[in-house]
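The values are calculated or read from the model by the stated rules, or taken from the named source; none is laboratory data. Remember, it's a predicted structure, so these values are computed and weren't measured experimentally. Here Cβ is always computed from backbone atoms with ideal geometry, including for glycine, and neighbour counts include all displayed protein chains. Quick note on the areas: whole protein, heavy atoms, side chains included, nothing else; ligands and nucleic acids left out. Shrake-Rupley method; radii C 1.70, N 1.55, O 1.52, S 1.80 Å.
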Amino acid sequence: MTVSSPPTLDIRRPADGAVLRSVPIDDKHRVAALAEDLRSAQQAWQAIGPAARATWLRRWRTWILEHTDELTDLLISETGKARPDALVETTASCEFISYYADHAKEFLAPERVASGGLLSLPKRLTRSYRPYPLVGLVIPWNFPITLFLMDAAPALAAGCAVLTKSSEMTPLTCARVIEGWHEIGAPPVLRHVVGAGDTGAAVVEAVDFVQFTGSTATGRRVAARCAELLKPVSLELGGKDAAIVLEDADLDRAAHGIVWGGIFNSGQVCISVERVYAVEAVYDELVRKVAAVLQSLKQGAGARDDVGAMVTLDQVDTVERHVRDAQKSGARVLVGGKRASRGNYYAPTLLVDVDHTMSCMTEETFGPTLPIMRVADEAEAIALANDSEYGLSASVWTRDVARGRRIADQLDVGAVNINDVFSNLFAVGLPHSGWKASGLGARLGGAQGLRKYCRVQAITEPRIPITTKELTWYPYSARRTAIAGRVLRLAAGRGLRQRLGL
(Lines give C-alpha, C1' and ligand atoms only; values in the text may rest on other atoms or scores of the structure.)
Protein backbone atom coordinates (compact mmCIF):
# COMPACT_ATOMS: atom_id res chain seq x y z
CA MET A 1 0.00 0.00 0.00
CA THR A 2 1.41 3.38 -1.04
CA VAL A 3 1.10 6.23 1.43
CA SER A 4 0.96 9.58 -0.30
CA SER A 5 2.99 12.47 1.06
CA PRO A 6 1.12 15.57 2.24
CA PRO A 7 1.10 18.56 -0.13
CA THR A 8 3.77 21.16 0.48
CA LEU A 9 4.26 24.92 0.34
CA ASP A 10 7.27 26.58 -1.25
CA ILE A 11 8.51 29.42 0.97
CA ARG A 12 10.20 32.02 -1.20
CA ARG A 13 12.72 34.71 -0.40
CA PRO A 14 11.20 38.15 -1.16
CA ALA A 15 14.58 39.64 -2.06
CA ASP A 16 14.95 37.49 -5.17
CA GLY A 17 12.14 34.93 -5.34
CA ALA A 18 14.37 31.92 -4.59
CA VAL A 19 12.80 28.98 -2.76
CA LEU A 20 14.02 28.84 0.82
CA ARG A 21 12.29 25.65 1.87
CA SER A 22 9.31 23.45 1.11
CA VAL A 23 7.13 22.64 4.12
CA PRO A 24 4.24 20.17 4.46
CA ILE A 25 0.72 21.55 4.79
CA ASP A 26 -1.26 20.55 7.86
CA ASP A 27 -4.80 19.45 7.01
CA LYS A 28 -7.87 19.55 9.27
CA HIS A 29 -7.16 16.05 10.61
CA ARG A 30 -3.66 17.06 11.69
CA VAL A 31 -5.03 20.21 13.30
CA ALA A 32 -7.68 18.24 15.19
CA ALA A 33 -5.12 15.72 16.45
CA LEU A 34 -2.79 18.46 17.70
CA ALA A 35 -5.69 20.22 19.38
CA GLU A 36 -6.57 17.04 21.27
CA ASP A 37 -2.97 16.62 22.45
CA LEU A 38 -2.82 20.24 23.56
CA ARG A 39 -6.04 19.95 25.54
CA SER A 40 -4.64 16.95 27.40
CA ALA A 41 -1.43 18.78 28.28
CA GLN A 42 -3.21 22.01 29.28
CA GLN A 43 -4.71 20.62 32.46
CA ALA A 44 -1.31 20.06 34.07
CA TRP A 45 -0.05 23.39 32.71
CA GLN A 46 -2.91 25.20 34.42
CA ALA A 47 -2.40 23.25 37.63
CA ILE A 48 1.26 24.24 38.12
CA GLY A 49 0.22 27.85 38.67
CA PRO A 50 1.40 31.22 37.35
CA ALA A 51 4.77 31.27 39.14
CA ALA A 52 5.89 27.96 37.60
CA ARG A 53 4.56 28.99 34.19
CA ALA A 54 6.53 32.24 34.47
CA THR A 55 9.72 30.24 35.01
CA TRP A 56 9.22 28.42 31.71
CA LEU A 57 8.41 31.67 29.91
CA ARG A 58 11.63 33.28 31.15
CA ARG A 59 13.65 30.27 30.03
CA TRP A 60 12.03 30.60 26.61
CA ARG A 61 12.92 34.30 26.50
CA THR A 62 16.53 33.40 27.26
CA TRP A 63 16.52 30.88 24.41
CA ILE A 64 15.18 33.51 21.99
CA LEU A 65 17.84 36.04 23.02
CA GLU A 66 20.59 33.43 22.72
CA HIS A 67 19.38 32.61 19.20
CA THR A 68 18.97 36.22 18.08
CA ASP A 69 21.42 35.98 15.18
CA GLU A 70 19.87 32.76 13.86
CA LEU A 71 16.33 34.09 14.14
CA THR A 72 17.22 37.46 12.63
CA ASP A 73 18.87 35.86 9.61
CA LEU A 74 15.93 33.54 9.08
CA LEU A 75 13.47 36.40 9.46
CA ILE A 76 15.33 38.51 6.89
CA SER A 77 15.36 35.59 4.47
CA GLU A 78 11.65 34.83 4.62
CA THR A 79 10.24 38.37 5.00
CA GLY A 80 12.76 40.58 3.19
CA LYS A 81 13.09 42.88 6.20
CA ALA A 82 16.00 45.24 6.61
CA ARG A 83 18.19 44.11 9.50
CA PRO A 84 17.18 46.93 11.90
CA ASP A 85 13.52 46.07 11.30
CA ALA A 86 14.19 42.39 11.92
CA LEU A 87 16.03 43.08 15.17
CA VAL A 88 12.92 44.80 16.57
CA GLU A 89 11.19 41.44 16.29
CA THR A 90 13.92 39.22 17.68
CA THR A 91 14.83 41.37 20.67
CA ALA A 92 12.20 43.97 21.60
CA SER A 93 9.40 41.41 21.29
CA CYS A 94 10.80 39.59 24.31
CA GLU A 95 9.38 42.42 26.41
CA PHE A 96 5.95 40.84 26.03
CA ILE A 97 7.25 37.64 27.63
CA SER A 98 8.94 39.56 30.44
CA TYR A 99 5.88 41.63 31.24
CA TYR A 100 3.41 38.78 31.49
CA ALA A 101 5.83 36.45 33.25
CA ASP A 102 6.41 39.16 35.86
CA HIS A 103 2.74 40.04 36.36
CA ALA A 104 0.80 36.81 35.75
CA LYS A 105 0.42 35.90 39.42
CA GLU A 106 -0.87 39.38 40.25
CA PHE A 107 -3.23 39.54 37.27
CA LEU A 108 -4.71 36.08 37.90
CA ALA A 109 -5.25 36.48 41.64
CA PRO A 110 -8.92 36.09 42.70
CA GLU A 111 -10.51 39.47 43.45
CA ARG A 112 -12.84 40.31 46.32
CA VAL A 113 -15.88 42.25 45.12
CA ALA A 114 -17.83 44.66 47.32
CA SER A 115 -21.51 44.03 47.83
CA GLY A 116 -23.74 46.01 45.50
CA GLY A 117 -26.64 46.16 47.93
CA LEU A 118 -28.37 44.62 50.93
CA LEU A 119 -29.41 41.51 49.03
CA SER A 120 -25.80 40.40 48.60
CA LEU A 121 -24.48 41.79 51.89
CA PRO A 122 -24.50 38.41 53.72
CA LYS A 123 -22.31 36.89 51.00
CA ARG A 124 -18.58 37.01 50.39
CA LEU A 125 -18.16 37.75 46.67
CA THR A 126 -15.19 36.67 44.57
CA ARG A 127 -14.25 37.06 40.92
CA SER A 128 -11.79 34.46 39.65
CA TYR A 129 -10.04 33.90 36.32
CA ARG A 130 -9.96 30.48 34.66
CA PRO A 131 -8.06 30.06 31.36
CA TYR A 132 -9.65 28.97 28.13
CA PRO A 133 -8.19 25.49 27.64
CA LEU A 134 -7.07 26.04 24.05
CA VAL A 135 -6.35 29.35 22.32
CA GLY A 136 -5.89 29.59 18.56
CA LEU A 137 -3.60 32.27 17.11
CA VAL A 138 -3.81 33.09 13.41
CA ILE A 139 -0.81 35.29 12.60
CA PRO A 140 -0.12 37.37 9.43
CA TRP A 141 3.06 37.58 7.41
CA ASN A 142 4.32 41.04 8.35
CA PHE A 143 5.54 40.28 11.91
CA PRO A 144 5.94 36.51 12.38
CA ILE A 145 7.55 36.83 15.82
CA THR A 146 6.13 40.04 17.30
CA LEU A 147 2.48 39.32 16.63
CA PHE A 148 2.96 35.75 17.80
CA LEU A 149 4.61 36.64 21.11
CA MET A 150 2.20 39.50 21.74
CA ASP A 151 -0.56 36.88 22.05
CA ALA A 152 1.27 33.69 22.98
CA ALA A 153 2.99 35.20 26.03
CA PRO A 154 -0.19 36.28 27.86
CA ALA A 155 -2.13 33.18 26.78
CA LEU A 156 0.56 30.82 28.08
CA ALA A 157 0.96 32.87 31.25
CA ALA A 158 -2.79 32.60 31.81
CA GLY A 159 -2.58 28.80 31.71
CA CYS A 160 -3.89 28.17 28.20
CA ALA A 161 -2.49 25.80 25.61
CA VAL A 162 -1.79 27.55 22.30
CA LEU A 163 -2.18 26.37 18.70
CA THR A 164 -0.63 28.79 16.21
CA LYS A 165 -1.03 29.11 12.47
CA SER A 166 1.28 31.67 10.97
CA SER A 167 0.92 32.91 7.41
CA GLU A 168 1.65 30.44 4.65
CA MET A 169 4.04 33.11 3.30
CA THR A 170 6.22 33.27 6.43
CA PRO A 171 5.93 30.16 8.63
CA LEU A 172 9.61 29.43 9.20
CA THR A 173 10.65 31.90 11.89
CA CYS A 174 7.55 31.41 14.02
CA ALA A 175 8.01 27.64 13.78
CA ARG A 176 11.63 28.00 14.89
CA VAL A 177 10.64 30.09 17.93
CA ILE A 178 8.14 27.38 18.89
CA GLU A 179 10.85 24.76 18.44
CA GLY A 180 12.78 26.73 21.05
CA TRP A 181 9.93 26.18 23.52
CA HIS A 182 10.32 22.44 23.10
CA GLU A 183 14.13 22.56 23.12
CA ILE A 184 14.14 24.00 26.65
CA GLY A 185 11.97 21.06 27.75
CA ALA A 186 8.83 23.11 28.42
CA PRO A 187 5.46 21.32 28.77
CA PRO A 188 3.87 20.41 25.40
CA VAL A 189 1.27 23.18 25.39
CA LEU A 190 2.45 25.09 22.31
CA ARG A 191 2.26 23.85 18.72
CA HIS A 192 2.44 25.25 15.20
CA VAL A 193 0.62 24.36 11.98
CA VAL A 194 1.25 25.40 8.39
CA GLY A 195 -1.23 26.12 5.65
CA ALA A 196 -3.48 28.64 3.99
CA GLY A 197 -7.16 29.39 4.55
CA ASP A 198 -8.30 25.79 5.05
CA THR A 199 -5.76 25.26 7.83
CA GLY A 200 -6.76 28.51 9.49
CA ALA A 201 -10.43 27.50 9.32
CA ALA A 202 -9.57 24.19 10.98
CA VAL A 203 -7.84 26.05 13.82
CA VAL A 204 -10.93 28.19 14.35
CA GLU A 205 -13.05 25.03 14.60
CA ALA A 206 -10.68 23.27 17.02
CA VAL A 207 -10.00 25.91 19.70
CA ASP A 208 -11.93 27.67 22.46
CA PHE A 209 -10.78 31.25 21.80
CA VAL A 210 -9.58 32.79 18.53
CA GLN A 211 -7.12 35.67 18.17
CA PHE A 212 -6.97 36.63 14.50
CA THR A 213 -4.71 39.25 12.92
CA GLY A 214 -5.07 40.03 9.25
CA SER A 215 -7.27 41.66 6.65
CA THR A 216 -10.68 43.08 7.44
CA ALA A 217 -12.30 40.87 4.80
CA THR A 218 -10.94 37.66 6.32
CA GLY A 219 -11.59 38.93 9.83
CA ARG A 220 -15.28 39.32 9.03
CA ARG A 221 -15.44 35.67 7.93
CA VAL A 222 -13.64 34.53 11.08
CA ALA A 223 -16.01 36.57 13.25
CA ALA A 224 -19.06 35.15 11.48
CA ARG A 225 -17.91 31.58 12.04
CA CYS A 226 -17.08 32.25 15.67
CA ALA A 227 -20.54 33.73 16.13
CA GLU A 228 -22.09 30.54 14.74
CA LEU A 229 -20.00 28.49 17.18
CA LEU A 230 -20.66 30.90 20.10
CA LYS A 231 -16.89 31.14 20.40
CA PRO A 232 -15.09 34.28 21.68
CA VAL A 233 -12.89 36.05 19.15
CA SER A 234 -10.54 39.03 19.14
CA LEU A 235 -9.62 40.67 15.84
CA GLU A 236 -6.92 43.09 14.77
CA LEU A 237 -7.63 44.05 11.19
CA GLY A 238 -6.76 46.71 8.63
CA GLY A 239 -5.70 50.28 9.20
CA LYS A 240 -5.33 53.57 7.38
CA ASP A 241 -3.61 55.60 10.06
CA ALA A 242 -3.52 59.36 9.76
CA ALA A 243 -0.91 61.89 10.84
CA ILE A 244 -2.04 65.47 11.53
CA VAL A 245 0.67 68.15 11.32
CA LEU A 246 -0.29 71.52 12.77
CA GLU A 247 1.22 74.97 12.25
CA ASP A 248 3.06 74.86 15.59
CA ALA A 249 4.68 71.45 15.03
CA ASP A 250 8.41 70.77 15.26
CA LEU A 251 8.71 69.99 11.55
CA ASP A 252 12.06 68.23 11.74
CA ARG A 253 10.70 65.83 14.34
CA ALA A 254 7.44 65.44 12.42
CA ALA A 255 9.20 64.69 9.13
CA HIS A 256 11.49 62.06 10.62
CA GLY A 257 8.70 60.53 12.69
CA ILE A 258 6.27 60.35 9.81
CA VAL A 259 8.86 58.79 7.48
CA TRP A 260 9.75 56.19 10.08
CA GLY A 261 6.08 55.55 10.81
CA GLY A 262 5.29 55.15 7.12
CA ILE A 263 8.36 53.32 5.83
CA PHE A 264 9.38 51.04 8.74
CA ASN A 265 9.10 47.42 7.59
CA SER A 266 8.42 48.77 4.08
CA GLY A 267 5.12 50.16 5.31
CA GLN A 268 3.83 46.70 6.18
CA VAL A 269 2.61 47.57 9.67
CA CYS A 270 -1.00 47.66 10.82
CA ILE A 271 -0.33 51.08 12.38
CA SER A 272 1.81 52.51 9.55
CA VAL A 273 1.31 56.19 8.77
CA GLU A 274 -0.67 55.84 5.54
CA ARG A 275 -1.97 59.40 5.06
CA VAL A 276 -0.78 62.81 6.24
CA TYR A 277 -2.81 66.00 6.69
CA ALA A 278 -0.68 69.14 6.93
CA VAL A 279 -2.17 72.58 7.51
CA GLU A 280 -1.56 75.24 4.87
CA ALA A 281 1.01 77.18 6.90
CA VAL A 282 3.52 74.31 7.09
CA TYR A 283 2.54 72.09 4.15
CA ASP A 284 5.29 73.12 1.73
CA GLU A 285 8.07 72.98 4.31
CA LEU A 286 6.92 69.60 5.63
CA VAL A 287 6.86 68.18 2.09
CA ARG A 288 10.44 69.40 1.51
CA LYS A 289 11.65 67.84 4.75
CA VAL A 290 9.88 64.52 4.17
CA ALA A 291 11.29 64.35 0.64
CA ALA A 292 14.81 64.92 1.95
CA VAL A 293 14.50 62.17 4.54
CA LEU A 294 13.07 59.71 2.01
CA GLN A 295 15.85 60.45 -0.48
CA SER A 296 18.46 59.64 2.18
CA LEU A 297 17.17 56.09 2.70
CA LYS A 298 18.93 53.10 1.18
CA GLN A 299 16.85 50.16 -0.02
CA GLY A 300 18.12 46.62 -0.47
CA ALA A 301 19.09 43.38 1.21
CA GLY A 302 22.40 44.55 2.67
CA ALA A 303 23.20 44.84 6.36
CA ARG A 304 23.41 48.65 6.10
CA ASP A 305 20.22 49.17 4.10
CA ASP A 306 17.33 51.07 5.68
CA VAL A 307 14.38 49.64 3.73
CA GLY A 308 13.87 46.04 2.76
CA ALA A 309 11.64 44.14 0.37
CA MET A 310 7.93 43.57 0.71
CA VAL A 311 6.80 40.08 1.61
CA THR A 312 4.46 39.31 -1.29
CA LEU A 313 4.22 40.28 -4.94
CA ASP A 314 0.50 40.84 -4.49
CA GLN A 315 1.24 43.59 -1.99
CA VAL A 316 3.71 45.21 -4.40
CA ASP A 317 0.93 45.16 -7.00
CA THR A 318 -1.40 46.91 -4.55
CA VAL A 319 1.13 49.67 -3.89
CA GLU A 320 1.76 50.14 -7.59
CA ARG A 321 -1.99 50.34 -8.29
CA HIS A 322 -2.52 52.98 -5.60
CA VAL A 323 0.32 55.13 -6.92
CA ARG A 324 -0.79 54.87 -10.54
CA ASP A 325 -4.43 55.58 -9.68
CA ALA A 326 -3.36 58.66 -7.75
CA GLN A 327 -1.27 59.92 -10.64
CA LYS A 328 -4.16 59.44 -13.06
CA SER A 329 -6.31 61.57 -10.76
CA GLY A 330 -3.81 64.43 -10.59
CA ALA A 331 -1.39 63.48 -7.82
CA ARG A 332 2.35 63.97 -8.25
CA VAL A 333 5.19 61.65 -7.24
CA LEU A 334 8.03 63.67 -5.72
CA VAL A 335 10.15 60.72 -4.55
CA GLY A 336 10.13 57.07 -5.58
CA GLY A 337 7.10 55.70 -7.36
CA LYS A 338 8.82 52.71 -8.94
CA ARG A 339 9.04 48.97 -8.37
CA ALA A 340 12.27 47.06 -8.85
CA SER A 341 12.80 44.71 -11.77
CA ARG A 342 13.93 41.94 -9.40
CA GLY A 343 12.57 41.03 -6.01
CA ASN A 344 9.60 42.44 -4.08
CA TYR A 345 10.93 45.97 -3.83
CA TYR A 346 8.99 49.20 -4.18
CA ALA A 347 10.83 52.47 -3.65
CA PRO A 348 9.77 54.66 -0.70
CA THR A 349 7.34 57.07 -2.30
CA LEU A 350 6.08 60.59 -1.59
CA LEU A 351 2.76 61.63 -3.14
CA VAL A 352 1.38 65.17 -3.11
CA ASP A 353 -1.74 66.87 -4.51
CA VAL A 354 -3.81 63.99 -3.14
CA ASP A 355 -7.41 63.92 -1.91
CA HIS A 356 -10.08 61.49 -0.76
CA THR A 357 -11.13 60.54 -4.29
CA MET A 358 -7.91 58.52 -4.50
CA SER A 359 -7.43 54.96 -3.25
CA CYS A 360 -4.07 55.92 -1.71
CA MET A 361 -6.03 58.01 0.83
CA THR A 362 -8.95 55.68 1.51
CA GLU A 363 -7.85 52.05 1.02
CA GLU A 364 -5.21 50.27 3.07
CA THR A 365 -1.97 50.38 1.05
CA PHE A 366 0.31 48.42 3.37
CA GLY A 367 3.39 49.58 1.57
CA PRO A 368 6.12 52.29 1.56
CA THR A 369 4.05 55.28 0.43
CA LEU A 370 3.40 58.64 2.09
CA PRO A 371 0.59 60.71 0.58
CA ILE A 372 0.50 64.24 2.06
CA MET A 373 -2.67 66.32 1.72
CA ARG A 374 -2.92 70.08 2.23
CA VAL A 375 -5.72 71.15 4.63
CA ALA A 376 -6.98 74.56 5.72
CA ASP A 377 -6.90 74.08 9.46
CA GLU A 378 -7.16 71.76 12.45
CA ALA A 379 -10.89 71.21 12.02
CA GLU A 380 -10.53 70.00 8.43
CA ALA A 381 -7.65 67.72 9.41
CA ILE A 382 -9.74 66.09 12.14
CA ALA A 383 -12.73 65.65 9.84
CA LEU A 384 -10.63 64.02 7.12
CA ALA A 385 -8.76 61.81 9.58
CA ASN A 386 -12.13 60.48 10.78
CA ASP A 387 -13.39 60.04 7.21
CA SER A 388 -12.33 56.38 7.06
CA GLU A 389 -13.81 52.97 7.63
CA TYR A 390 -10.73 52.17 9.73
CA GLY A 391 -9.85 53.29 13.24
CA LEU A 392 -6.60 51.78 14.48
CA SER A 393 -4.33 54.67 15.47
CA ALA A 394 -3.26 58.19 14.56
CA SER A 395 -0.59 60.75 15.40
CA VAL A 396 -0.81 64.49 16.11
CA TRP A 397 2.20 66.77 15.70
CA THR A 398 2.13 70.01 17.72
CA ARG A 399 4.29 71.76 20.31
CA ASP A 400 1.16 72.32 22.40
CA VAL A 401 0.66 68.94 24.10
CA ALA A 402 -2.65 70.08 25.63
CA ARG A 403 -3.89 70.88 22.13
CA GLY A 404 -2.75 67.47 20.94
CA ARG A 405 -4.64 65.86 23.82
CA ARG A 406 -7.79 67.79 22.90
CA ILE A 407 -7.51 66.65 19.29
CA ALA A 408 -6.92 63.05 20.39
CA ASP A 409 -10.32 63.13 22.12
CA GLN A 410 -11.92 63.92 18.76
CA LEU A 411 -10.27 61.15 16.71
CA ASP A 412 -12.17 57.89 16.15
CA VAL A 413 -9.24 55.55 16.66
CA GLY A 414 -8.02 53.14 19.31
CA ALA A 415 -4.74 54.99 20.00
CA VAL A 416 -3.29 58.43 19.44
CA ASN A 417 0.42 59.24 19.69
CA ILE A 418 1.28 62.91 20.22
CA ASN A 419 4.57 63.86 18.57
CA ASP A 420 5.46 60.21 18.02
CA VAL A 421 4.43 57.05 16.19
CA PHE A 422 4.05 53.42 17.29
CA SER A 423 4.82 54.26 20.94
CA ASN A 424 1.48 52.89 22.16
CA LEU A 425 2.36 49.46 20.76
CA PHE A 426 5.34 49.17 23.10
CA ALA A 427 3.48 50.47 26.14
CA VAL A 428 2.35 47.06 27.34
CA GLY A 429 0.09 48.54 29.99
CA LEU A 430 -2.04 50.28 27.34
CA PRO A 431 -4.60 48.44 25.21
CA HIS A 432 -3.93 48.08 21.48
CA SER A 433 -7.40 48.06 19.96
CA GLY A 434 -9.01 48.73 16.62
CA TRP A 435 -12.20 50.74 16.24
CA LYS A 436 -14.68 50.53 13.37
CA ALA A 437 -13.44 48.12 10.66
CA SER A 438 -10.04 47.80 12.35
CA GLY A 439 -11.11 45.09 14.74
CA LEU A 440 -12.81 43.79 17.85
CA GLY A 441 -11.35 43.64 21.33
CA ALA A 442 -7.81 44.61 22.26
CA ARG A 443 -4.30 43.32 22.76
CA LEU A 444 -2.08 44.11 25.73
CA GLY A 445 -3.54 46.61 28.18
CA GLY A 446 -1.97 45.36 31.39
CA ALA A 447 -4.10 42.86 33.25
CA GLN A 448 -6.74 42.87 30.55
CA GLY A 449 -4.23 41.60 27.99
CA LEU A 450 -3.90 38.40 30.03
CA ARG A 451 -7.45 38.15 31.35
CA LYS A 452 -8.87 38.19 27.82
CA TYR A 453 -7.65 34.60 27.62
CA CYS A 454 -9.63 33.67 30.74
CA ARG A 455 -13.23 32.94 31.57
CA VAL A 456 -14.47 34.97 34.50
CA GLN A 457 -16.12 32.98 37.28
CA ALA A 458 -18.32 34.46 40.02
CA ILE A 459 -18.29 32.76 43.43
CA THR A 460 -20.50 33.52 46.43
CA GLU A 461 -20.07 32.07 49.91
CA PRO A 462 -21.77 32.87 53.22
CA ARG A 463 -20.22 35.44 55.53
CA ILE A 464 -22.27 34.23 58.52
CA PRO A 465 -23.62 30.82 59.52
CA ILE A 466 -26.93 29.88 57.89
CA THR A 467 -29.48 29.07 60.59
CA THR A 468 -32.59 28.54 58.49
CA LYS A 469 -33.59 26.37 55.59
CA GLU A 470 -33.92 29.35 53.27
CA LEU A 471 -31.54 29.27 50.32
CA THR A 472 -30.83 33.01 50.67
CA TRP A 473 -31.28 35.40 53.55
CA TYR A 474 -34.05 37.23 51.71
CA PRO A 475 -37.38 36.64 53.61
CA TYR A 476 -40.22 34.86 51.88
CA SER A 477 -43.10 35.74 54.25
CA ALA A 478 -45.22 38.84 53.71
CA ARG A 479 -44.25 40.22 57.12
CA ARG A 480 -40.53 39.75 56.48
CA THR A 481 -40.91 41.27 53.00
CA ALA A 482 -42.50 44.36 54.51
CA ILE A 483 -39.70 44.70 57.06
CA ALA A 484 -37.09 44.31 54.31
CA GLY A 485 -38.81 47.04 52.32
CA ARG A 486 -38.61 49.46 55.26
CA VAL A 487 -34.91 48.64 55.70
CA LEU A 488 -34.21 49.37 52.03
CA ARG A 489 -36.04 52.72 52.24
CA LEU A 490 -34.03 53.63 55.32
CA ALA A 491 -30.84 52.69 53.51
CA ALA A 492 -31.70 55.02 50.65
CA GLY A 493 -32.76 57.90 52.90
CA ARG A 494 -30.13 57.86 55.62
CA GLY A 495 -26.95 56.88 53.83
CA LEU A 496 -26.94 53.44 55.44
CA ARG A 497 -25.32 52.01 52.30
CA GLN A 498 -22.30 54.26 52.75
CA ARG A 499 -21.98 53.48 56.47
CA LEU A 500 -22.06 49.78 55.71
CA GLY A 501 -19.39 50.18 53.06
CA LEU A 502 -21.75 49.18 50.22
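Taking θ as phi - 60°, what are the ³J(HN,Hα) couplings along segment 419-424 by the Karplus curve (6.51, -1.76, 1.60), each to the nearest whole Hz, with x for Gly and Pro?
6, 6, 9, 6, 5, 5
What are the ³J(HN,Hα) values, in whole Hz, obtained from phi via the Karplus relation 6.51 cos²θ - 1.76 cosθ + 1.60 with θ = phi - 60°, for each residue of segment 85-99 in sequence order, with x given for Gly and Pro?
5, 5, 5, 4, 6, 7, 10, 4, 5, 5, 4, 5, 5, 4, 4
How much of the accessible area of segment 351-396, in percent, comes from carbon and sulfur atoms when a 1.4 Å probe is used?
Carbon-and-sulfur percentage of accessible area, whole number: 47.
Sequence neighbours fewer than 8 away in the same chain don't count; with that in mind, list the aspartates and glutamates whose C-alpha is under 16 Å from residue 328.
Result set, ordered by chain and number: 320, 353, 355.
Can you classify segment 208-249 as rounded, prolate or oblate using the Cα gyration tensor, where a ≥ b ≥ c are the square roots of its eigenvalues, rounded means a/c under 1.5, and otherwise it's prolate if a/b beats b/c and oblate if not? Walk me through the numbers on the way to the answer.
On the way: a/c = 4.82, a/b = 3.42, b/c = 1.41.
Prolate.
GluC sites (Glu not before Pro), restricted to segment 334-400: which are DSSP loop and have at most 14 other Cβ atoms within 10 Å?
Answer by residue number: 389.
Per residue of segment 448-459, in order, report the coupling 6.51 cos²θ - 1.76 cosθ + 1.60 (Karplus, θ = phi - 60°) as ³J(HN,Hα) in whole Hz, putting x for Gly and Pro.
5, x, 8, 5, 4, 8, 10, 8, 8, 10, 9, 10
What pairs from 289/436; 298/436; 165/231; 28/452; 28/105 go past 24 Å between their alpha carbons?
In this structure, 289/436; 298/436; 28/452; 28/105 exceed 24 Å between Cα atoms.
For the chain, what relative contact order do you get, as a whole percent, if you take Cα pairs closer than 8 Å and at least 6 residues apart?
18 percent
Before anything else, pin down the relative contact order of segment 1-54: Cα pairs under 8 Å, at least 6 apart, normalised by residue count, whole percent. Please list the in-between numbers first.
Values: 30 pairs, mean separation 12.3, N = 54.
This gives 23 percent for segment 1-54.
At a Cα cut-off below 17 Å, give the aspartates and glutamates reachable from residue 123, other chains included and same-chain residues fewer than 8 away excluded.
Within reach: 111, 461, 470.
Taking amide H atoms as placed 1.01 Å from N in the peptide plane, list the residues 5 or more away in sequence, or in a different chain, whose amide H sits under 5 Å from that of residue 20.
Correct list: 11, 12, 13.
Shape of the chain from its Cα gyration tensor (a ≥ b ≥ c, root eigenvalues): rounded if a/c is under 1.5, otherwise prolate when a/b > b/c, or oblate? Walk me through the numbers on the way to the answer.
Working: a/c = 2.37, a/b = 1.38, b/c = 1.72.
Since a/c reaches 1.5 but b/c is at least a/b, the shape of the chain is classed as oblate.
Counting each pair of different Cα atoms once, what's the Kirkwood radius of segment 3-92 in Å, rounded to one decimal?
Every distinct Cα pair counted, the radius reaches 16.4 Å.
Tell me the per residue accessible area of segment 84-167 using a 1.4 Å probe; a whole number in Å² is fine.
29 Å²
Of all accessible surface on segment 177-300 at a 1.4 Å probe, what whole percent is carbon and sulfur?
That share works out to 53 percent.
Quick check: Cα centre of segment 41-85 to Cα centre of segment 167-216, how many Å?
What the calculation gives is 13 Å, centre to centre.
What number do you get for segment 224-296 when its Cα radius of gyration is normalised by 2.2 N^0.38 Å, N = residues?
Values: Rg = 17.3 Å, N = 73, 2.2 N^0.38 = 11.2 Å.
Dividing the Cα Rg of segment 224-296 by 2.2 N^0.38 Å gives 1.54.
List the trypsin sites (Lys or Arg not before Pro) within segment 323-390 that DSSP assigns to loop and that have no more than 14 neighbouring Cβ atoms inside 10 Å.
The qualifying sites are 338, 342.
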